[in-house]
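In what follows, a single structure is set out as C-alpha cells and then discussed.
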Amino acid sequence: MNNQTKTEVNKPKLQKLHDVTRVAQFQNKDIINGLFEVANEFKNSSDHPESLHGKVVATLFYEPSTRTRLSFEAATERLHGKIISTENAGQFSSAAKGETLEDTIKTICGYADAIVLRHPEIGAAERAVEVASVPIINAGDGAGEHPTQALLDLFTIREEKPEIDGLKIGLVGDLLNGRTIHSLVQLLSMYDVELFFIAPEQLQLPEKYKARLREIGIKYTDCDSWDNTIEKLDVIYVTRVQKERFESEEDYIKIKDSFILDTTIMRQAKQDSIVMHPLPRVNEIALEVDADPRAKYFEQAHNGLYVRMALLQMLLVP
Ligand code: NCD
C-alpha cells in the first residue's frame, strides 16, 4: 500500500452536510460512522484541535435548555470558536417586538458562521434554512424533531452495546410529543432492532412514524404497562411527559405519573440492560435508580459534548 492510499484509508469519513434539520439526513451509515469516529477521538483525548478558531457560532433558543445549549457552547469553545447567544429569545430578542424568525435569522447570518436554533414551532429549522446563508442546526423544533439528541443517544448505545442489530429497545413516556423520540425512532430504524412503545394510549407514537416502521419492516409493539416487557429490554429509554405541549394543566396532571421507573421495576430488568433519558428528568425515573450501574443518562448527556463537537467540525471545517 503506498502512503497516499494509507492516509486516505485512515482518514475518518466525515461526509459533508450543510445543515442539520432532520434526522433523515443521517440515514446513511457512512455519515454516522464518520461522525462517531470523530466524536470518539474527541472523547478520548483532552488535546483538541483549534479547528473552529476564528469562527463564531450563534445559539438562538426560544425554549428552555440546559444540556443542548451549554453543550453546543462548550463544544464550540473547546474547538477554540466563539459563541454569541440569546437564551430565552422569545422574550429577550426582537421576537418580543414582533420580528419574524426569518428576519432574525437573516440578521444573525451577518454575525455568525452557524446558528443553533431551538424554537417552539415544528418546521422552524427548515424555515430558517430557507433564508439563511450559514448552516442551521435544529436544536429542537417544538414537538417535531431533535436530531442532534438522537445522534448522541445512538452514540451512547453504541458505546454500551457491542452491536445495535438485534437489540430490543423500549421507548417510554410521552412518545406523542417527545421530539427526541421522533428522531431516535427514525435513526434506530436503520438497524435490525425491535421496538417497544411503552406509553399511555393518549401519548402513543404518532401514526406517521409507525407507518414508516411497518413499511421498512421494523417490528414494534405498543405496551400500556411494564408487564411482560421490561424483562426483555436491552435499552430502556425513558422520557418526560412534555407538560408544555398540553392544552390544560389538568390533562397533564392526569397522565404525568403513568410510567415511573423505580428500583422495584429495575429488579425485573435484564442485568446488562441500560437506562437512558434525554433529561431533564421530572419524576419518571426515581432518584434511587441513579445508583444502579445500568443508569447511563448522565454519561449520555456528557456524550452530547463530543457528538456536538464532531457535528460542528463537520459543518464548519472545510
Ligand atoms: C429534551 C428536549 O428539549 O427535547 N431535552 C434535551 O434536549 N436533552 C427532552 C425534554 O425536554 O424532555
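A short reminder: the numbers here are calculations on the coordinates, not readings from a lab. No experiment lies behind these values; they were computed from the predicted model shown. Counting neighbours? That spans all protein chains shown, and the Cβs are built from the backbone with ideal geometry, glycine included.
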Along the charge dipole of the chain, which of G140, F155, V289 sits closest to the positive end, that is, farthest toward it, with unit charges on the beta carbon of Lys, Arg, Asp and Glu (+1, +1, -1, -1)?
F155
So what is the relative contact order of segment 243-318, in percent, for Cα pairs below 8 Å that sit 6 or more residues apart?
28
Shape call for segment 194-234 from the C-alpha gyration tensor, a ≥ b ≥ c root eigenvalues: rounded (a/c under 1.5), prolate (a/b greater than b/c) or oblate?
oblate
Over segment 29-108, what is the relative contact order in whole percent, taking alpha-carbon pairs under 8 Å and six or more residues apart?
29
Can you put T100, T239 in order, fewest other beta carbons within 10 Å first?
T100, T239
In whole angstrom, largest first, the equivalent ellipsoid semi-axes that the Cα gyration tensor gives for the chain are 31, 26, 18
Taking square-rooted eigenvalues a ≥ b ≥ c of the alpha carbon gyration tensor, is segment 207-306 rounded, prolate or oblate, where a/c under 1.5 means rounded and, failing that, a/b exceeding b/c means prolate?
rounded
Ignoring solvent entirely, what values of log10 I(q)/I(0) come out of the Debye formula for segment 77-123 at 0.15, 0.30 Å⁻¹ when each Cα is a single scatterer?
-0.44, -1.35
In segment 181-312, with Lys and Arg counted as +1 and Asp and Glu as -1 at Cβ, which of these residues, A269, F298, S189, has the Cα nearest the positive end of the dipole, that is, farthest along it?
S189
Take each complete run of DSSP H in the chain, measure how far its Cα atoms stretch along the helix's own axis, and keep only those covering 18 Å or more with mean Kyte-Doolittle hydropathy at least -1.0; list them.
29-43, 147-160, 297-316
When the dipole is taken about the Cα centre of segment 60-165, and only Lys, Arg (+1) and Asp, Glu (-1) are charged at their Cβ, what size is it in debye, to the nearest 20?
360
Per DSSP H run of at least 4 residues, take -39500 (n - 2.57); add these up for the chain, divide by its residues and hand me the 222 nm value, nearest 500 deg cm²/dmol.
-11000 deg cm²/dmol
In terms of the charge dipole of the chain, which places +1 on Lys and Arg and -1 on Asp and Glu at the beta carbon, the residue among I260, Q202, T100 farthest towards the positive end is T100
Normalising by the residue count of the chain, find the relative contact order in percent from Cα pairs under 8 Å and 6+ residues apart.
19
Relative to the Cα centre, what is the charge dipole magnitude of the chain, using +1 at the beta carbon of each Lys and Arg, -1 at the beta carbon of each Asp and Glu, and rounding to the nearest 20 debye?
760
Shape category assigned to segment 162-261 from the gyration tensor of Cα positions, a/c cut at 1.5:
prolate
Mean projected area (nm²) from the convex hull of Cα positions in segment 79-225 is 11.0
Residue pairs, from the table K43/K210; K210/K232; K29/K168; K29/K161; K29/K210; K16/K55, whose Cα atoms sit over 24 Å apart
K43/K210
